[in-house]
Amino acid sequence: MDNKRRIITQILALAGIVFLLAGGIFLLRSRLQDRDSEEAFDSLRPVSQESSSETAIPDCDGGDESLSGAVASESVVRESSSPEQGETTSADIVPESSEEAEIPAEESPVAQNPYLADYALNADMAAWIQVPGTVIDYPVMWTPRDENYYLNRGFDGKENKNGCLILDTDSCVNPLTTNLIIHGHNMKSGAMFGSLTKYADSSYGSEHKTIYLYTPDCKREYEVIAVFYSQVYRKTDQVFKYYKFFQADTEEQFTDFYDNIKALSLYDTGVTASFGDHFITLSTCSYHVEQGRFVVVAKETKITDIYLPAAE
Amino acid sequence: MKAIKKIISILAIAALMVILPTGHSMVVSAAGGTTFYVFYDNTEKVWRYIYGNHADEEAESYTLSQLINTDLKDGDLIVMGGDLLPIDNPIVFGKHLQNLTIMPYCTGSPIVYANGIDECYVCNNVTAIVHSDVTNAYLYDGSVANFDGNVQNLTITDSSSEITATANVTGTVAHLSAVADGHPEWDYYNFKANTLSVKNGEVTTAVANYSTTPSAPETTPKNPSNGSGEYDDVPKTGERSVSVWFFAAATICFAASFLLRRKEK
């Protein structure tokens with residue numbers, strides 16, 4: 001009996017050691033993945049981004065909330081944002097004649113896309129998102145064939161629990177859909193969208209209200225319009241589902257989404273929108289309820305840089 | 001054999017303690033429900049509650065987490081009052097409430113989650129966001145309420161001759177009625193999901209989205225909290241901590257080994 005008890009005691013102790021080691025290994029692996037992920041993203045970030053703003057086409061808008069920028073580029077961009085008109089290449093975005101543009105030619109060297117090299121490294125990259133003053137400075141991947149492919153993979157495709165930010169398969173950059181939904185992990189380390197929930201604080205929201213999205217053809221600026229808690233519902237639930245809104249073909253569809261996000265918003269951001277405006281929606285997990293989500297919606301306010309098409 | 005049985009018992013108890021959330025306790029619904037008064041302590045900057053339905057400086061108060069994690073049960077009643085600022089985090093009651101009342105003239109905009117509410121009162125000049133299905137909702141003078149769920153009956157009452165409340169409902173609404181200065185103003189029925197909108201007393205929902213007669217609704221309102229079926233396919237963006245479970249298992253094994261060794265001695 002004593003022998004049996006001794007054996008069981010030893011087995012339990014051994015099992016404890018094994019579990020302890022396993023836990024330690026997983027913890028170490030997790031920390032290494034955090035480090036690898038951050039290093040990988042660091043290597044993708046351009047050294048300096050001041051050059052893009054220095055050579056950017058100045059806004060000709062006088063403070064209107066609608067899209068601003070050179071007249072020709074603005075009109076072409078608006079045309080290209082309509083899905084019915086088919087795909088638009090970057091060449092279409094560049095003003096074709098100086099007499100159409102309000103900006104004198106000598107002031108308008110078109111900016112160089114600071115993430116050109118990153119697009120070349122991975123064709124799945126759809127955009128780059130940056131929220132000044134936060135850690136959110138990441139590529140956004142788009143894989144319609146498998147929406148979750150980069151959810152637990154790094155930019156290089158290797159397994160990493162931080163994953164990448166992913167653009168919802170029903171969203172599209174070119175042609176631009178009304179709403180771009182970007183999903184990202186709520187990492188305890190604060191990485192990815194781990195700091196997104198800070199937007200629940202209105203003072204944080206007003207200090208970090210600007211979001212930049214660098215697409216292959218231009219740099220888009222957004223301003224936060226709504227911040228709210230939500231959740232993933234069952235398929236049969238008849239409620240407002242923010243994650244189902246991608247395109248507003250009618251004013252009614254637009255108003256439906258707009259009214260709901262404003263109603264749900266934790267605070268009034270002072271930003272309004274009207275039919276024709278575009279949005280970006282940042283979504284991450286929240287633990288306030290089962291299947292909870294924390295959502296930040298921003299409205300596109302202007303295009304600040306137009307980029308040259310990539311050389312063939 | 002006895003030792004093995006003991007080990008299994010210890011492991012089972014320890015596993016239960018690990019798997020269940022910290023501070024979780026068995027929930028027993030009390031007949032009639034208990035009423036709690038929830039308020040924000042501006043001095044200590046925390047949410048607190050007392051037993052009862054109104055502010056009482058003499059009563060002993062507790063932190064809200066204790067209410068949510070331990071004391072609150074299905075069928076209880078919640079009264080919220082005073083200065084409800086800051087509202088930077090929603091309050092997740094996580095239970096089916098018999099009653100939720102937000103007292104008149106509360107400042108701030110409480111955001112509340114519940115697994116169903118029987119009676120919800122949004123009193124004078126209060127702004128609230130309620131994430132739950134509600135059976136009977138009542139709005140009063142100048143109140144603003146957003147319901148993220150289905151509402152069976154929404155009644156708006158105003159002491160003046162004009163309706164002044166504002167309401168939005170993301171789910172369906174079976175019946176909307178308004179009474180101003182004791183006089184019935186309107187009775188509308190069967191609002192389609194995500195259509196009910198009342199702005200400063202005016203119904204702005206398109207006529208095609210509701211009925212003026214109480215005919216049977218085309219679809220039975222669904223309860224987002226208690227529905228069955230698959231969830232929508234949305235990327236899961238939470239973070240799993242596998243290492244925590246391994247450390248918990250290691251703790252259990254060491255504890256069991258230690259206990260056995262003590263017994264041996």
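Restricting to region A:151-167, name every residue that is more than 10 Å from chain B (Cβ to nearest Cβ), open to solvent by less than 60 Å² (accessible area, probe 1.4 Å) and in contact with a strand residue (DSSP E or B) (Cβ under 9 Å, 6 or more places away or on another chain).
A:155, A:160, A:164, A:167
Listed here are the residues, each with its yes/no results for (1) under 26 Å from residue A:152 (Cβ atoms); (2) at pLDDT 95 or above; (3) among the charged types (D, E, K, R).
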| position | (1), (2), (3) |
| --- | --- |
| A:184 | yes, yes, no |
| A:201 | no, no, yes |
| A:216 | yes, no, no |
| A:219 | no, no, yes |
| A:222 | no, yes, no |
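Mind counting the residues in region A:259-290 that are within 12 Å of chain B (Cβ to nearest Cβ) and without any contact (Cβ under 8 Å) to a residue 24 or more places away in the chain?
So the count comes out to 5.
Select from region A:270-303 the residues that are β-branched (Val, Ile, Thr) and either buried (at least 21 other Cβ atoms within 10 Å of the Cβ) or out of contact with any Asp or Glu (no Cβ under 9 Å at 6 or more places or on another chain) (or both) and list them in ascending order.
Listed by number, the residues that qualify are A:280, A:281, A:284, A:289, A:295, A:296, A:297, A:301, A:303.
Can you name the residue in region B:72-113 that is of a type in the set (Asp, Glu) and either buried (at least 21 other Cβ atoms within 10 Å of the Cβ) or within 25 Å of residue B:43 (Cα to Cα) (or both) and, of all such residues, is nearest to the other protein chains (Cβ to nearest Cβ)?
By that ranking, first place goes to B:88.
Looking only at residues in region A:192-206 that are open to solvent by 10 Å² or more (accessible area, probe 1.4 Å) and within 15 Å of residue A:266 (Cβ to Cβ), which one is farthest from the other protein chains (Cβ to nearest Cβ)?
Restricting to residues being open to solvent by 10 Å² or more (accessible area, probe 1.4 Å) and within 15 Å of residue A:266 (Cβ to Cβ), the top hit is A:206.
With the requirement that a residue be open to solvent by 70 Å² or more (accessible area, probe 1.4 Å) and within 14 Å of chain B (Cβ to nearest Cβ), what does region A:118-147 give you?
Answer for region A:118-147, where residues must be open to solvent by 70 Å² or more (accessible area, probe 1.4 Å) and within 14 Å of chain B (Cβ to nearest Cβ): A:142, A:144.
Just the residues that are assigned to a loop (DSSP other than H, G, I, E, B) and either at pLDDT 80 or above or out of contact with any helix residue (DSSP H, G or I) (no Cβ under 9 Å at 6 or more places or on another chain) (or both), please, taken from region B:77-86.
Those that are assigned to a loop (DSSP other than H, G, I, E, B) and either at pLDDT 80 or above or out of contact with any helix residue (DSSP H, G or I) (no Cβ under 9 Å at 6 or more places or on another chain) (or both): B:81, B:82, B:84, B:85.
Residue under question is residue A:193, and the condition is that it be at pLDDT 95 or above and not aliphatic (A, V, I, L, M); does it hold?
yes
Sort out which residues of region A:244-261 are in contact with a strand residue (DSSP E or B) (Cβ under 6 Å, 6 or more places away or on another chain) and open to solvent by 10 Å² or more (accessible area, probe 1.4 Å), and write them in order of number.
Of everything in region A:244-261, those that are in contact with a strand residue (DSSP E or B) (Cβ under 6 Å, 6 or more places away or on another chain) and open to solvent by 10 Å² or more (accessible area, probe 1.4 Å) turn out to be A:245, A:246.
Name the pairs whose Cβ atoms lie under 6 Å apart, with the first residue in region A:213-239 and closer than 22 Å to residue B:235 by Cβ, the second of a type in the set (D, E, K, R) and in a strand (DSSP E or B), and 6 or more positions between them or separate chains?
Within 6 Å, the pairs are A:213/A:220; A:222/A:300; A:230/A:293; A:231/A:293.
With respect to residue B:223, is the statement that it is part of a loop (DSSP other than H, G, I, E, B), modelled with pLDDT under 85 and within 14 Å of chain A (Cβ to nearest Cβ) true?
Answer is yes for this residue.
Restricting to region B:85-140, name every residue that is charged (D, E, K, R) and over 21 Å from residue B:74 (Cβ atoms).
Hit for region B:85-140 is B:88, nothing else.
Looking only at residues that are in a strand (DSSP E or B) and under 20 Å from residue B:141 (Cβ atoms) in region B:193-214, which one is most open to solvent (accessible area, probe 1.4 Å)?
B:202
Mind checking whether some residue in region A:209-228 is open to solvent by 10 Å² or more (accessible area, probe 1.4 Å) and at the interface with another protein chain (Cβ under 8 Å from one of its Cβ atoms)?
So far as region A:209-228 goes, no, none of its residues is open to solvent by 10 Å² or more (accessible area, probe 1.4 Å) and at the interface with another protein chain (Cβ under 8 Å from one of its Cβ atoms).
Could you check region B:156-192 and list, in sequence order, the residues that are in contact (Cβ under 8 Å) with a residue 24 or more places away in the chain and assigned to a loop (DSSP other than H, G, I, E, B)?
Listed by number, the residues that qualify are B:162, B:163, B:164, B:165, B:170, B:171, B:172.
Name the single residue that is modelled with the highest pLDDT among those in region B:111-135 being polar (S, T, N, Q) and assigned to a strand (DSSP E or B).
For region B:111-135, the residue satisfying everything is B:135.
Looking at (1) modelled with pLDDT under 90; (2) of a type outside the set (A, V, I, L, M); (3) surrounded by 13 or more Cβ atoms within 10 Å (Cβ to Cβ), which is the one condition that is false for residue B:175?
(1)
Which one is farthest from residue A:284 (Cα to Cα), of the residues in region B:254-265 that are surrounded by 15 or more Cβ atoms within 10 Å (Cβ to Cβ) and without any contact (Cβ under 8 Å) to a residue 12 or more places away in the chain?
Checked region B:254-265; the qualifying residue farthest from residue A:284 (Cα to Cα) is B:261.
The values are calculated or read from the model by the stated rules, or taken from the named source; none is laboratory data. Remember, it's a predicted structure, so these values are computed and weren't measured experimentally. So basically every Cβ, Gly included, is an ideal-geometry build from the backbone, and we count neighbours across all protein chains shown. Keep in mind that these areas ignore ligands, DNA and RNA; they rest on the heavy atoms of the full protein, side chains included. Shrake-Rupley method; radii C 1.70, N 1.55, O 1.52, S 1.80 Å.
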